[in-house]
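Visitor: So that we are looking at the same thing, I have put the structure below in structure tokens.
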Amino acid sequence: MKPIKKSSKLNYIGYDIRGPVTDLADQMSADGIDILKLNTGNPAPFGFNAPAEMIAELIRDIPESQGYSASKGITCAREAVANYCTERGIPGVTPNDVYTGNGVSELILMSMQALLDRGDEVLVPAPDYPLWTAAVTLAGGTPVYYHCDEKSEWNPDMADMRKQITSRTKAIVVINPNNPTGALYPKEILEQIADLAREHDLILFSDEIYDRLVMDGHIHHAMASIAPDVLTLTLNGLSKSHLIAGFRAGWMCISGDKSRAKSYIEGLTMLASMRLCSNVLAQSVLRIGLADPDTPRLLTEPGGRIYEQREFIYNAIKDIPGLSVVKPKAAFYLFPKIDAKRFNITDDEQFVVDFLREKHVLLTHGGGFHWPKPNHFRIVYLPDMEALAGLATRLREFLESYRQA
Ligand code: PLP
């Protein structure tokens, strides 16, 4: 009998955060080995709980949430998102410009499927949150990377971004705050991105899922507030800010010059209709999450878990011989650099496999985020201090003798 093969559409698609190294970690767990899994930004397993009010509302809403909703979502959720956009300085967003989604993930896929034809190019940051690359590729497009500069706090290298634009470029993806680097882009950079979009008639996709997990008094600027005239799709959700990754509560809103995007918006609406609607119970808590700045604020101010864990892990990692790292300003990731020469590292995936086998910690290699050199890896710093201290000790010990063959 003929083998049943995956579609060739998937040939160049990868999602290494849950990829082959994770399969190995799962196998090791099944064999009875205790693995510290730091591959996904999933707060709940590390003892983070959703606000009680949100859980109570969810339970109250069960009887009302049995049926499908309108494809874009229930009115009160979309009104809450539109109000949030206004608060964030994004003008002109009405409930009709809002689509709820089963997490931001579904909306990333939909937004690319509705837009791209074969050969269309989309500028994506390197490093990126890899679903963006996968979504562009799956939709038939070509991701073209613009460099984010570690020496400049991981901000986008604007000269490089400009250099990547061709006659096939349709859009620029901005991930701010950034996963995996924890960077938060200053207003001037966002203004330059807006200028490029205007100059070359490009759409902006701004993934702002960490917009409320910002530390040290820094301010997050919504891309669409800086580019109110440019067609911008802003994607956001409550998975991280309100610790409900499992509920799958996300949204996307369209702002800027919609007049010439009638056909694209029709395409988006058709795809939203084809998946019928997003989880109605999760939609019902959007209103509460959007009106609750305190949950993410308490986590990210001094004394809060994310803030204190960032301080701890940043200080521990930067002192390990052979590692260096830019202090993240937002989210809950660290993207350290390894001195690849010193450890003779030519394959960063092999590095995380070796570390997993020897020290029983699962990390993600930089290549999983489309970083082109084998010299980075990502740490999710959600576990408590004790686990983070254990991670730092294990990394230090491992690197004392590690040399890649
Ligand atoms: N965007 C970024 C930058 C992320 O880091 C994640 C998850 O880690 C997502 C989107 C997807 O989030 P969700 O689908 O839970 O809303």
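Visitor: Of these, LEU356, LEU363, which one is open to solvent by less than 30 Å² (accessible area, probe 1.4 Å), closer than 26 Å to ALA134 by Cα and within 16 Å of the ligand (Cβ to nearest atom)? Step through it out loud before you land on a result.
Guide: Numbers: LEU356 fails: within 16 Å of the ligand (Cβ to nearest atom).
So the residue among LEU356, LEU363 that is open to solvent by less than 30 Å² (accessible area, probe 1.4 Å), closer than 26 Å to ALA134 by Cα and within 16 Å of the ligand (Cβ to nearest atom) is LEU363.
Visitor: Just one of the numbered conditions (1) away from the ligand (no atom under 16 Å from the Cβ); (2) over 30 Å from GLU311 (Cα atoms); (3) in contact (Cβ under 8 Å) with a residue 60 or more places away in the chain is not true of ARG88; which one?
Guide: (2)
Visitor: Mind checking which helices (runs of 4 or more DSSP H) fall wholly inside segment 129-231 and carry at least 2 residues that are modelled with pLDDT of 95 or more and surrounded by fewer than 22 Cβ atoms within 10 Å (Cβ to Cβ)? Steps first, answer last, please.
Guide: Working: elements: 131-138, 158-163, 187-200, 223-226.
Filter on segment 129-231 gives 131-138, 158-163, 187-200.
Visitor: Of the numbered conditions (1) open to solvent by 70 Å² or more (accessible area, probe 1.4 Å); (2) under 27 Å from SER239 (Cβ atoms), ARG403 fails exactly one; give the number of that condition.
Guide: (2)
Visitor: Regarding segment 19-39, can at least one residue be identified that is in contact with a Lys or Arg (Cβ under 9 Å, 6 or more places away or on another chain), in the same structural domain as PHE355 (by TED's automatic domain parsing) and assigned to a loop (DSSP other than H, G, I, E, B)?
Guide: Yes - at least one qualifying residue is present in segment 19-39.
Visitor: Ok, one more. Considering only residues that are of a type in the set (Gly, Ala, Ser) and either in the same structural domain as HIS220 (by TED's automatic domain parsing) or under 14 Å from ALA183 (Cα atoms) (or both), look in segment 314-353 and name the one that is farthest from the ligand (Cβ to nearest atom). Before the answer, list the steps.
Guide: Taking segment 314-353 first, the residues of a type in the set (Gly, Ala, Ser) are 316, 322, 324, 330-331, 340.
Still in the list and also either in the same structural domain as HIS220 (by TED's automatic domain parsing) or under 14 Å from ALA183 (Cα atoms) (or both): 330-331.
Details: ALA330: 11, ALA331: 7 Å.
Per the stated criteria, the residue is ALA330.
Visitor: Also: Pairs please, first residue from segment 273-298 and without any contact (Cβ under 8 Å) to a residue 24 or more places away in the chain, second anywhere and not basic (Lys, Arg), Cβ atoms under 7 Å, 6+ apart in sequence or on different chains.
Guide: Close Cβ pairs satisfying both conditions: LEU298/GLY304.
Visitor: In segment 1-56, what residues are open to solvent by 80 Å² or more (accessible area, probe 1.4 Å), among the hydrophobic types (A, V, I, L, M, F, W, C) and at pLDDT below 90?
Guide: MET1, the sole residue that qualifies.
Visitor: MET110 passes all but one of (1) within 16 Å of the ligand (Cβ to nearest atom); (2) touching a helix residue (DSSP H, G or I) at 6+ places or on another chain (Cβ under 7 Å); (3) open to solvent by 40 Å² or more (accessible area, probe 1.4 Å); which number fails?
Guide: The single condition MET110 does not satisfy is (3).
Visitor: Next question. Hey, LYS72 hits all of (1) open to solvent by 20 Å² or more (accessible area, probe 1.4 Å); (2) in contact with a Leu (Cβ under 6 Å, 6 or more places away or on another chain) but one; which does it fall short on?
Guide: So the condition that LYS72 fails would be (2).
Visitor: Determine which member of the set LEU276, LEU213, LEU231, LEU204 is out of contact with any helix residue (DSSP H, G or I) (no Cβ under 6 Å at 6 or more places or on another chain) and more than 20 Å from ASN83 (Cβ to Cβ).
Guide: LEU276
Visitor: Shifting gears a bit: Any residue in segment 248-258 that is within 16 Å of the ligand (Cβ to nearest atom) and not in a strand (DSSP E or B)? Don't jump to the end; show me each part of the working.
Guide: Keep residues of segment 248-258 that are within 16 Å of the ligand (Cβ to nearest atom), which gives 248-253.
Remaining after also requiring not in a strand (DSSP E or B): 248.
Yes: one or more hits.
Visitor: Condition first: within 16 Å of the ligand (Cβ to nearest atom), in contact with a Lys or Arg (Cβ under 9 Å, 6 or more places away or on another chain), assigned to a helix (DSSP H, G or I) and of a type outside the set (A, V, I, L, M). Can you find one or more residues in segment 58-81 that meet it?
Guide: Checked segment 58-81: no residue is within 16 Å of the ligand (Cβ to nearest atom), in contact with a Lys or Arg (Cβ under 9 Å, 6 or more places away or on another chain), assigned to a helix (DSSP H, G or I) and of a type outside the set (A, V, I, L, M).
The values are calculated or read from the model by the stated rules, or taken from the named source; none is laboratory data. Quantities reported herein were computed from a predicted structural model and do not represent experimental measurements. When we count neighbours, we look across all protein chains shown, and the Cβ atoms used for this are built from the backbone with ideal geometry, even at glycine. All accessible areas refer to the heavy atoms of the entire protein, side chains included, with ligands and DNA or RNA removed. Shrake-Rupley method; radii C 1.70, N 1.55, O 1.52, S 1.80 Å.
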